[in-house]
Amino acid sequence: MISRRILLFALLSPALAQADDLAPSALPVQVLNDGLLAVMKAGRTISFAERVKMLTPAVEQTFDLPLILRRSVGTHWAGFTDAAKADLLAAFEAFTVTTWVANFDSYDGERFDILPDLRVVGQDTVVQTRIVPKSGDPTRLDYVMREVGQGQAHSPGVWRAVDILLNGSISRVAVQRSDFRAILDSGDPGPLIALLRKKTETLAAGAGKP
């Protein structure tokens, strides 16, 4: 799970990219940042379910959730039925959006910065960002972006995040793959579906309390 305000880090401040100067690979990240700020500023003036509804389009525009899930599940994915894959993806998407909303549930002057320096790693481009609080140290969060081409779920030329790097190096996909491994040892996706649904319910209940 992505922890509240992610992980703290200290970072020297290079010049920040202006919104109109963003590379195409960084534009989806800006969509997510804008969505997060919107739900943070709305806070508990609206219900948790309404905030989930607000943020869902931004998450869908930023992440390639089907690919992230397949990479997190690993080789077990090929053995699942189509119905099980659909149920698992629905549970994973709900859990992902709920996690973001639960972790960004209030606003206290935070700022989201996209740094101008992109890092190319194979077919991917790493977009570096930081979350700057009103006081204290910023939080480092990088997005591994991939341009989706022909034959995939999105239109050619569309960039989507396929991983998140906490502190610039800790792969969220790798952490999830480790978490999922024992649950999927039997080859049955049912326990993972149930776990994701339970975690989603728990997050929503906790974050929805006054």
Take the residues in region 98-117 that are surrounded by fewer than 15 Cβ atoms within 10 Å (Cβ to Cβ) and in contact with a strand residue (DSSP E or B) (Cβ under 7 Å, 6 or more places away or on another chain); name whichever of them is farthest from Gly35 (Cα to Cα).
Asp117
Residues in region 39-60 that are in contact with a helix residue (DSSP H, G or I) (Cβ under 6 Å, 6 or more places away or on another chain) and in contact (Cβ under 8 Å) with a residue 60 or more places away in the chain: how many?
3
Within region 98-127, work out how many residues are of a type in the set (Asp, Glu) and in contact with a Gly (Cβ under 8 Å, 6 or more places away or on another chain).
1
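No lab work stands behind these numbers, since they all come straight from the coordinates. These numbers come from a predicted model, not from an experiment. A quick note on method: Cβ atoms are made from the backbone with ideal geometry, for glycine too, and the neighbour counts reach across all protein chains shown.
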